[in-house]
Amino acid sequence: MFRSPVFQRRTFTNNGRLQSRSTRPKLLAVSSGGGHWVQLLRIKPAFEHCEVTFVTVHESYRAQVPDHKFYLVNDANRWTKIALLKAARRLAWIIWNEKPDIVVSTGAAPGYLALRFGRMIGARTIWLDSIANVEQLSMSGDRIGHCADLWLTQWPHLARPDGPHYTGAVL
């Protein structure tokens, strides 16, 4: 997915001059639980040159990524409006504080919100629609796809020229 493990970040020195420094890109990996989390872990090797922070909905998942930053958000969907607002507030706080270069999600409402907020701060965004969506794209994927820098499906028959694109399946 990402060929270069190095990004150029611009920072200001003490005398106010702009300088570039090479760093590992900061990647925020977001998913809801269950299969979405499993798929996110399956693509984790693609992030080896990044500084990865995970965001998900189950505290028990922390043990699966012990060497990474980890944030918890409440699970939410379009039917739980208050929970959705709480998740949005938490994700906005996480993204504001982490300032990721890349936001990637394997799906559901937390991922949708994270990609939206990521775009607002100029992060590159990647949406990988769940393999569970065999007949049609997920509602979140269908809505966020056109806003993502890279929009992928795991089913070749769901791919379209304008996205999502098919490059293989994770499971």
In the range 112-124, is there at least one residue being within 19 Å of Leu150 (Cβ to Cβ), exposed (fewer than 14 other Cβ atoms within 10 Å of the Cβ) and out of contact with any helix residue (DSSP H, G or I) (no Cβ under 7 Å at 6 or more places or on another chain)? yes
Those residues of the range 98-117 which are in contact with a Phe, Trp or Tyr (Cβ under 9 Å, 6 or more places away or on another chain) and in a loop (DSSP other than H, G, I, E, B), in sequence order: Asp101, Thr106, Gly107
Quick check, is Gly111 within 20 Å of Thr153 (Cα to Cα) and modelled with pLDDT under 90? no
Looking at this structure, is Thr80 free of Cβ contacts under 8 Å to residues at least 24 places away in the same chain and not charged (D, E, K, R)? yes
Scan the range 50-83 residue by residue and report those that are modelled with pLDDT of 95 or more, touching a Ser or Thr at 6+ places or on another chain (Cβ under 8 Å) and assigned to a loop (DSSP other than H, G, I, E, B). Val57, His68, Val73
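The values are calculated or read from the model by the stated rules, or taken from the named source; none is laboratory data. These numbers were taken from a predicted model, which means no experiment stands behind them. Using ideal geometry, Cβ is built from the backbone for each residue, glycine included, and neighbour counts are taken over all protein chains shown.
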